[in-house]
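Just below is one structure, and these are the notes that go with it.
The values are calculated or read from the model by the stated rules, or taken from the named source; none is laboratory data. This one's a predicted model, so the numbers in the text were calculated from it and none came from an experiment. Here Cβ is always computed from backbone atoms with ideal geometry, including for glycine, and neighbour counts include all displayed protein chains. Note: accessible area is taken over every heavy atom of the protein model, side chains too, but ligands, DNA and RNA are not part of it. Shrake-Rupley method; radii C 1.70, N 1.55, O 1.52, S 1.80 Å.
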Amino acid sequence: MAHSPAAVPPGAPEQGCPIRVEHDRRRRQFTVRLNGCHDRAVLLYEYVGKRIVDLQHTEVPDAYRGRGIAKHLAKAALDFVVEEELRAHVTCWYIQKFVKENPLPQYLERLQP
């Protein structure tokens, strides 16, 4: 079955293509560039204590949803929390869902109630 050229935006990650998550510590965000540099998916966080981050918001543009991009962002953010030995408060509903679906001990022990 052939895909319509309009079905996948140019430069969009497709199944089988690696998704690269970038971490900008200064801006406190994780991003995945889509379609070159024009579009991007983002996960925002904020320090709310010396060693506590609030994972606040995940956003993937509509045209790129359903491709697992948000999962990559959530995993990168939670891996950062684990690697840096931080605690996390999870405001973002998507990250709450990700943790529920991936209840890894290293994630669960880092979550704030």
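Things to note:
- Annotation for Arg27 and Leu108: the two label points, set 7 Å from Cα along the Cα-Cβ direction, are 3.5 nm apart.
- Per residue, the range 53-99 exposes 48 Å² of solvent-accessible protein surface, assessed with a 1.4 angstrom probe and all protein chains in place.
- Sorted largest first by accessible area at a 1.4 angstrom probe radius, with every protein chain in place, the residues Lys50, Lys97 fall in the order Lys50, Lys97.
- Each label was represented as a point 7 Å from its Cα along the Cα-to-Cβ direction; for Arg51 and Asp39 these points are 4.0 nm apart.
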